[in-house]
Amino acid sequence: MMEISVDKIIIADDHPMFRNALKQSITSNYDCEVIECASLESLRSELKAHNEADLLILDLNMPGADGFSSLVYVQEKYPHLPIIMISANDKLDVIRTAKSFGALGFISKSANIETIREAIKLVLQGDTFFPIKLESINDHNQDTELLQLTKGVADLTPQQYKVLQMLKRGLLNKQIAYDLEVSEATIKAHVTAIMRKLGANNRTQAVMKVVNIELKDQF
């Protein structure tokens, strides 16, 4: 079998122990650089600096992202980059959505080391890896509404995302402005941009839409 040439792999996960386990699994098989990220913000930065990476292993629940917005963000900005999704939630709907949103593989966090290595090898070879039969995924019609909403979240700037999280906590514009040390007019502009990107008519609807993404990931 021809040896796979790998120069650089990015791991995006906020748990240091799991990142380390993945890194050890990778470096035991491949002589390559492994770049680690603990949040979507750091991932954005590393992707800009290392957009030629061979593979991204991406945690579903990344700090700075809601639902699959991190996956959709990477797909939109770096369509050439193969992505393996990892999550402790390995229910069928989660795996199905990961594939329909562009992931080439899915690894459960409960998977053993052999499964992880096999998934990485197959995706690096240009194949796919999912822990269930592909037929049950391919027959699924992509949730267009969920995809559009997730794209909206993925399109938020880091500052807009911070404002959105504060809206979810029920903070008023003046409270958010104080916490972020900006003017209330700036926050109003951010809220307007958030509503537009999420297709919401008001701030309450915007928050409910994002909560709906989170619930779909859990059940």
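One table, with the values for the structure above:
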{"quantity": "Residue count for region 121-154, restricted to those that are modelled with pLDDT of 90 or more and acidic (Asp, Glu)", "calculated": "1"}
{"quantity": "Some residue of region 12-27 being at pLDDT below 90, within 12 Å of the chain's Cα centre (by Cα) and over 22 Å from PHE130 (Cβ atoms)", "calculated": "no"}
{"quantity": "Count of residues meeting criterion [open to solvent by less than 60 Å² (accessible area, probe 1.4 Å), assigned to a helix (DSSP H, G or I), more than 24 Å from ALA49 (Cα to Cα) and modelled with pLDDT of 90 or more] in region 96-120", "calculated": "3"}
{"quantity": "Residue within region 63-73 that is closer than 26 Å to GLN160 by Cβ, open to solvent by 70 Å² or more (accessible area, probe 1.4 Å) and under 12 Å from the mean Cα position of the chain (by Cα) present", "calculated": "no"}
{"quantity": "Residues within region 13-39 that are polar (S, T, N, Q) and open to solvent by less than 40 Å² (accessible area, probe 1.4 Å), tallied", "calculated": "2"}
{"quantity": "Region 185-201, residues that are within 15 Å of LEU149 (Cα to Cα), surrounded by fewer than 21 Cβ atoms within 10 Å (Cβ to Cβ) and in contact with a helix residue (DSSP H, G or I) (Cβ under 8 Å, 6 or more places away or on another chain)", "calculated": "ALA193, MET195, LYS197, GLY199, ALA200, ASN201"}
{"quantity": "Set ASP93, ASP66: member being in a helix (DSSP H, G or I), among the acidic types (Asp, Glu) and in contact (Cβ under 8 Å) with a residue 60 or more places away in the chain", "calculated": "ASP93"}
{"quantity": "Residue check, LYS23 of a type in the set (Lys, Arg), part of a helix (DSSP H, G or I), free of Cβ contacts under 8 Å to residues at least 60 places away in the same chain and touching a His at 6+ places or on another chain (Cβ under 9 Å)", "calculated": "no"}
{"quantity": "Residue that is in contact with a Lys or Arg (Cβ under 7 Å, 6 or more places away or on another chain), closer than 17 Å to PHE68 by Cα, of a type in the set (Val, Ile, Thr) and open to solvent by less than 50 Å² (accessible area, probe 1.4 Å), where the choices are VAL153, VAL207", "calculated": "VAL207"}
{"quantity": "Single condition ASN51 does not satisfy, out of (1) open to solvent by less than 40 Å² (accessible area, probe 1.4 Å); (2) within 20 Å of ASP155 (Cα to Cα)", "calculated": "(1)"}
{"quantity": "ILE10 under 18 Å from THR115 (Cα atoms) and surrounded by 14 or more Cβ atoms within 10 Å (Cβ to Cβ)", "calculated": "no"}
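The values are calculated or read from the model by the stated rules, or taken from the named source; none is laboratory data. As the structure is a prediction and not an experimental result, all values here were calculated from the model. Positions of Cβ are backbone-derived with ideal geometry, glycine not excepted, and every protein chain shown enters the neighbour counts. Heavy atoms of the whole protein, side chains included, go into the accessibility calculation; ligands, DNA and RNA do not. Shrake-Rupley method; radii C 1.70, N 1.55, O 1.52, S 1.80 Å.
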